[in-house]
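Data block below; observations after.
The values are calculated or read from the model by the stated rules, or taken from the named source; none is laboratory data. In this text, all values refer to a predicted model and were calculated from it rather than measured experimentally. No Cβ is skipped: glycine too gets one built from the backbone with ideal geometry, and neighbour counts run over all protein chains shown.
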C-alpha cells in the first residue's frame with residue numbers, strides 16, 4: 001500500500017447498488033476519506049438527479065462531485081471531414097479505403113453541417129459524433145459517458161497526491177460477465193478498484209438502505225428495475241411500456257433525438273434508439289413510437305395486452321416488492 005493519503009472515490013448513479021456501496025464506504029471510513037462522484041450522462045430521469053444530487057447529499061451530509069463527458073474534439077474532426085465532402089472531395093479521400101454501407105453525398109454532408117454542433121448533452125452529443133445510438137452489441141455509452149469521465153476524475157485525484165480506491169457498486173448476480181470479477185484489483189499507479197457488494201444479492205442491497213435510514217430511488221416504485229438512464233437501451237419490455245405511461249415526455253425526447261441524429265448520420269442509415277435492424281426500420285427518422293406500441297403487446301407482439309392499463313399510471317408498482 002502506498003504511503004500516500006487514501007481517498008475512497010465512490011461512483012454513484014442514483015441506483016440501489018451504487019447507493020448501497022456508498023453507505024458501506026461511509027460506514028467503514030467516515031466522511032473525511034470518502035468522496036462520491038456522479039457521472040451525468042444527460043439521459044437521466046429528473047427523479048434520479050434529485051435523488052443523487054439533492055436527497056443523498058442532504059440525508060448523508062456529504063458532497064457529490066459531478067463529471068460530464070465532452071466531445072468537442074470529436075465534433076471538430078467530424079465537421080472537418082464533412083466539410084471536405086460538402087466541398088466536393090470524394091469520400092475515399094477523406095476516410096481512405098474504409099468501406100461503408102451508405103455513402104455521404106455533398107448535399108447530405110452540407111445539411112449535416114448545419115446541425116452538427118455540440119448540444120452540451122453528453123448522451124446526445126456522443127450519438128451525433130458516433131453516427132447512431134448504442135446497442136446491446138455496441139454498448140459504447142457506458143465507456144464514454146461513465147467509465148472514462150470517472151477514471152479521469154480518479155486519476156486527477158492521483159495527480160493531487162492521493163492513493164485512490166475506486167469503489168464500484170456491481171454485483172455478480174447481475175450478469176454472467178460480472179460473475180468472474182474480482183472484489184479488489186490493484187491497478188498500479190496509486191490506483192485500485194474495489195467492489196464491496198460483489199457477492200451481495202438484491203435483498204442485501206435494500207437491507208442496507210433500511211439499516212441506514214435511506215429511502216431508495218423513487219423510480220423503483222414506478223415499475224423500473226433499473227434507474228440509470230431514462231430510458232436505457234437495455235430497458236425491458238415492461239419498462240418501456242411503463243415509461244410511455246408514466247413519463248411520456250421522455251419518449252418524446254427520444255423521438256426528437258432520433259430525428260436529430262438521423263439528420264447528421266449517413267443518408268439512409270437506420271437510426272434507432274432501440275435497434276430494430278435494417279429490415280424493421282424502413283427508413284423512418286424516428287422509431288421509438290413503434291417500439292412503444294410493441295411494448296403494449298403480448299404473444300410475441302401479435303395482440304395487445306388488454307390488462308396493461310388496468311391500474312392508473314400513478315399506482316405504486318415495484319419489481320422488488322417495495323410497494324408491499
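For the reader, a short list of remarks on this structure follows.
- Given (1) touching a helix residue (DSSP H, G or I) at 6+ places or on another chain (Cβ under 6 Å); (2) over 21 Å from residue 236 (Cα atoms); (3) buried (at least 20 other Cβ atoms within 10 Å of the Cβ); (4) assigned by TED's automatic domain parsing to the domain that holds residue 40, index of the condition residue 126 fails: (4)
- Each residue in segment 154-207 was checked for being closer than 19 Å to residue 3 by Cβ, part of a loop (DSSP other than H, G, I, E, B), in contact with a strand residue (DSSP E or B) (Cβ under 8 Å, 6 or more places away or on another chain) and in contact (Cβ under 8 Å) with a residue 40 or more places away in the chain, and 2 pass.
- With respect to (1) touching a helix residue (DSSP H, G or I) at 6+ places or on another chain (Cβ under 8 Å); (2) surrounded by fewer than 16 Cβ atoms within 10 Å (Cβ to Cβ); (3) closer than 26 Å to residue 233 by Cβ; (4) in contact (Cβ under 8 Å) with a residue 24 or more places away in the chain, the lone exception for residue 118 is condition (2).
- Residues that are without any contact (Cβ under 8 Å) to a residue 24 or more places away in the chain and not in a helix (DSSP H, G or I) were ranked within segment 137-153; the one that is nearest to residue 37 (Cα to Cα) is 138.
- Options 238, 271; residue that is touching a residue at least 24 places away in the same chain (Cβ under 8 Å), surrounded by 22 or more Cβ atoms within 10 Å (Cβ to Cβ) and over 16 Å from the mean Cα position of the chain (by Cα): 271
- Flag for residue 69 being assigned to a loop (DSSP other than H, G, I, E, B), within 21 Å of the chain's Cα centre (by Cα) and surrounded by 17 or more Cβ atoms within 10 Å (Cβ to Cβ): yes
- First in segment 45-56 and free of Cβ contacts under 8 Å to residues at least 40 places away in the same chain, second anywhere and surrounded by 17 or more Cβ atoms within 10 Å (Cβ to Cβ), Cβ under 6 Å, 6 or more apart: 53/64
- Meets criteria (in contact with a helix residue (DSSP H, G or I) (Cβ under 7 Å, 6 or more places away or on another chain), more than 30 Å from residue 163 (Cβ to Cβ) and crowded, with 17+ Cβ neighbours inside 10 Å) for residue 26: no
- Checking every residue in segment 121-134 against the condition of being within 16 Å of residue 41 (Cβ to Cβ) and in contact with a strand residue (DSSP E or B) (Cβ under 7 Å, 6 or more places away or on another chain) gives zero matches.
- Residue 120 being closer than 18 Å to residue 285 by Cβ and either not in a helix (DSSP H, G or I) or not assigned by TED's automatic domain parsing to the domain that holds residue 261 (or both): no
- Hits in segment 61-95 - residues which are in contact with a strand residue (DSSP E or B) (Cβ under 7 Å, 6 or more places away or on another chain) and touching a residue at least 60 places away in the same chain (Cβ under 8 Å): 65, 67
- Hey, residue 242 modelled with pLDDT of 90 or more, in contact with a strand residue (DSSP E or B) (Cβ under 9 Å, 6 or more places away or on another chain) and in a helix (DSSP H, G or I) or not: yes
- Looking across 155, 113, one residue alone is over 24 Å from residue 276 (Cβ atoms) and out of contact with any helix residue (DSSP H, G or I) (no Cβ under 8 Å at 6 or more places or on another chain). It is 155.
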